[in-house]
Amino acid sequence: DAPEAFKGKTVLCVGGRASGADLAREISHHAQHVYLSDSTCQSARQDGKVTLVPKTIGVDSEGKIQFDLDCPIQPDNVDTIIFCSGYD
């Protein structure tokens, strides 16, 4: 409800449809960085403080986020993961 709660944080939004895109955009005004994981994304690309990445496939034992399609981006500094499953 309050995107300013993510001030200075690194956030992963899992789900690239309307709710995920909306959350990533709103949070990016306050967060240090936002990753937006979308199952239809074929390669990573950055737009300001938001990086669009392929589907999230896991988090390893050291806290690195793993994305599909051999994505070279593997952040290990994510503070919060948000599952964006749509609007009610």
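The values are calculated or read from the model by the stated rules, or taken from the named source; none is laboratory data. Worth saying up front: this structure is predicted, and the values here are computed from it rather than measured. Cβ: placed from backbone, ideal geometry, glycine included. Neighbour counts: every protein chain shown. These accessible areas exclude ligands, DNA and RNA; they are computed on the full protein's heavy atoms, side chains included. Shrake-Rupley method; radii C 1.70, N 1.55, O 1.52, S 1.80 Å.
Data overview
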quantity	calculated
Karplus-derived HN-Hα couplings along segment 45-58 (A = 6.51, B = -1.76, C = 1.60, θ = phi - 60°), whole Hz, x at Gly and Pro	8, 10, 9, x, 8, 10, 10, 7, 10, x, 3, 6, 10, x
Computed accessible area, Asp22, all protein chains, 1.4 angstrom probe, square angstrom	50
Solvent-accessible area per residue for the chain (1.4 angstrom probe, square angstrom)	61
Local net charge near Thr51, Cβ-Cβ under 12 Å (Lys/Arg +1, Asp/Glu -1)	0
Asp47-Asp79 pseudo-label distance in nm [points 7 Å out on the Cα-to-Cβ vector]	2.4
The chain: calculated mean residue ellipticity at 222 nm from DSSP helix runs of at least 4, using -39500 (n - 2.57)	-4000 deg cm²/dmol
With every protein chain in place, the chain: carbon and sulfur % of accessible area (1.4 Å)	47
DSSP-defined beta bridges in the chain - what % are antiparallel, rounded to 5	30
Estimated dipole of the chain in Debye, rounded to 20 [Cβ of Lys and Arg +1, of Asp and Glu -1, Cα centre]	180
Residue-wise HN-Hα coupling along segment 67-77, computed from phi with Karplus coefficients 6.51, -1.76, 1.60 (Hz; x: Gly, Pro)	10, 5, 6, 6, 4, x, 7, 9, x, 10, 10
Interchain or long-range residues, amide H under 5 Å from Lys64's placed H	none
For segment 19-33, 3J(HN,Hα) per residue [Karplus equation, 6.51 cos²θ - 1.76 cosθ + 1.60, θ = phi - 60°, Hz, x = Gly/Pro]	5, x, 5, 5, 4, 4, 5, 5, 5, 4, 5, 10, 6, 5, 7
